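The structure appears below as structure tokens.
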Amino acid sequence: MFDPNIRKNQHYVPVFWLKRFAGTGGILYGLKKGEISPISAKKYMSEEYLYTTFDENYIPSNWLEEAAAKSESDAARAFRTLDDPGSTGTTEDQILLRWFIAFSACRHPDTMSSGHHRAKDMAYAFADVHSNTRETYCFALGKFGIDTEFGSALYDHFRKFDLKQLLNEASDIELMQPTDPDLPKQMAIDCETIERVFFSLSYHSVTILEAPDDLSYIIGDTPLPPELGYEFTVPISNRLALLWEPGSIEMFPSWDRRIARIGELESSNQTQSDNARDVVIGRSRAVLQKYA
């Protein structure tokens, strides 16, 4: 039975992750609207009912939030293995964290909102079949990740309907709300979607970057870039970050570890600050002051 008072504050950056940026005494500092103050990890980087889904009868469920808790628990353990000096984790740890990063990218509110709107755009792309040749139609659908073979089959299918029917259907889809069970915003964290991101990251080399002495990483509420196909860095604690570099010729290459260059750390922190929607978190006032 769904209880609206249980698990309603749902984190898109887990509490365990945020706590890893705490300083002396486990205190976290947040920079929000130019002001720096101590904060509670439980009250940030979350939204109410973010992962609450609805079935065809509009009965709500928090099964998705509960399932996420298992992934978070496994990731927390794997993160801790990297805290040991010199550790790169086991192969199992590395695979698990690749999955967690893919999951984290998909579960962010911006990603979920974008996916919901993108599905509506795709409905109009489907409806535009009568204005295109097979080749141009397949090319247009390719922008939505649809391959040529499937695009060609869709071309034949939608050509059976007149333009008015197709536009009416697209219009109905456009009016769907994010809570609609037929087009939920949570479709971005469907297992198939996460798998696609996971395998796209499988050819990235990963280097664990240790913060130089007396320096530390910060994290914002948009820790991952919108495009994961390029090089990016994601901080996992105030001492460690993961540098992801595409282009490996093998899947799941072994991880490396080294001390970060000062410029690498500063670039990571600046990116976290620049990409933040609302708040940036660090271990002290002094660390965050530069970005206020």
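The values are calculated or read from the model by the stated rules, or taken from the named source; none is laboratory data. Keep in mind that what you see is a predicted model, and the values were worked out from it rather than measured. Methodologically, a virtual Cβ is constructed for each residue, glycine included, from the backbone with ideal geometry; neighbour enumeration extends over all protein chains shown. The protein model used for the area step is the full one, side chains on, heavy atoms only, and it has no ligands, DNA or RNA in it. Shrake-Rupley method; radii C 1.70, N 1.55, O 1.52, S 1.80 Å.
In order along the range 32-49, the phi-based Karplus estimate (6.51 cos²θ - 1.76 cosθ + 1.60, θ = phi - 60°) of 3J(HN,Hα) comes to 9, 6, x, 10, 10, 7, x, 9, 9, 4, 5, 9, 10, 6, 8, 9, 5, 6 Hz; Gly and Pro are listed as x.
Apply 1/(1 + (r/R0)^6) to the Cβ-Cβ distance of residue 27 and residue 67, taking R0 = 25 Å, and write down the FRET efficiency to the nearest 0.05.
Details: r = 31 Å, r/R0 = 1.25.
Result of the calculation: an efficiency of 0.20.
In whole angstrom, the range 110-158 maps to an equivalent ellipsoid with semi-axes of 21, 11, 8, each derived as √(5λ) from the alpha carbon gyration tensor and ordered largest first.
What is the ratio of the Cα radius of gyration of the range 212-292 to 2.2 N^0.38 Å, with N the residue count, to two decimals? Before the final figure, lay out the partial values.
Details: Rg = 13.3 Å, N = 81, 2.2 N^0.38 = 11.7 Å.
Cα Rg divided by the expected 2.2 N^0.38 Å: 1.14.
Distances between placed amide hydrogens fall under 5 Å for residue 278 paired with 221, all partners being 5 or more residues away or on another chain. In the range 6-81 the Cα-Cα distances spread across 10 Å bins starting at 0 as 17, 40, 29, 12, 2 percent of all pairs.
Accessible surface for residue 35 stands near 130 Å², nearest 10, in the context of the full protein assembly shown (1.4 Å probe).
Derived scalar couplings between HN and Hα for the range 203-216 equal 9, 8, 7, 10, 10, 7, 9, 8, 5, x, 3, 6, 10, 8 Hz in order, rounded to whole Hz, by the Karplus curve 6.51 cos²θ - 1.76 cosθ + 1.60 (θ = phi - 60°), x for Gly and Pro. Summarising the amide proton neighbourhood of residue 236: residues at separation of 5 or more, or on other chains, whose placed amide H is nearer than 5 Å comprise 241, 242. Restricting the calculation to Cα atoms, every distinct pair contributes to the Kirkwood radius of the range 24-182, found to be 19.9 Å.
Across all directions of projection, what mean area in square nanometres is found for the Cα convex hull of the chain? Before the final figure, lay out each step's value.
Values: hull surface 71.6 nm².
Hull-based average projected area comes out at 17.9 nm².
Between helix 262-275 and the chain there is an angle of about 50 degrees, using the helix long axis and the longest principal axis of the Cα atoms. 3J(HN,Hα) along the range 78-85, derived from phi through the Karplus expression 6.51 cos²θ - 1.76 cosθ + 1.60 where θ = phi - 60°, amounts to 5, 4, 5, 5, 7, 6, 5, x Hz, with x in place of Gly and Pro. As I understand it, the value is the acute angle between the Cα axis of helix 91-107 and the longest principal axis of the Cα atoms of the chain; what does it come to in degrees, rounded to 10? Approximately 60 degrees, to the nearest ten.
The 1.4 Å probe gives accessible areas that order 137, 124, largest first, as 124, 137.
Percent of C-alpha pairs per 10 Å bin in the range 76-151, short distances first: 16, 28, 20, 18, 13, 4, 0.
Just the accessible area per residue of the chain, please: how many Å² with a 1.4 Å probe? The partial results should precede the final answer.
Numbers: 15410 Å² over 292 residues.
Per-residue value: 53 Å².
Normalised by 2.2 N^0.38 Å, where N is the number of residues, the alpha-carbon radius of gyration of the range 142-264 equals 1.54. Relative to the longest principal axis of the Cα atoms of the chain, the long axis of helix 109-127 lies at roughly 20 degrees. Between 125, 233, 203, the Cα set farthest toward the positive side of the dipole of the chain (charges on each charged residue's Cβ, about the Cα centre) is that of 233.
Taking amide H as placed 1.01 Å from N in the peptide plane, residue 257 has its amide H under 5 Å from the amide H of 208, each at least 5 places away in sequence or on another chain.
As an exercise, identify the trypsin sites (Lys or Arg not before Pro) in the range 200-274 lying in DSSP coil whose Cβ has no more than 14 other Cβ atoms within 10 Å. Please report the intermediate quantities before stating the final value.
Values: sites: 239, 257, 258, 261; in loops: 239, 261.
Here the trypsin sites (Lys or Arg not before Pro) that fit, given the DSSP loop and packing criteria, are 261.
Taking all Cα-Cα distances within the range 94-134, those exceeding 16 Å account for 56%.
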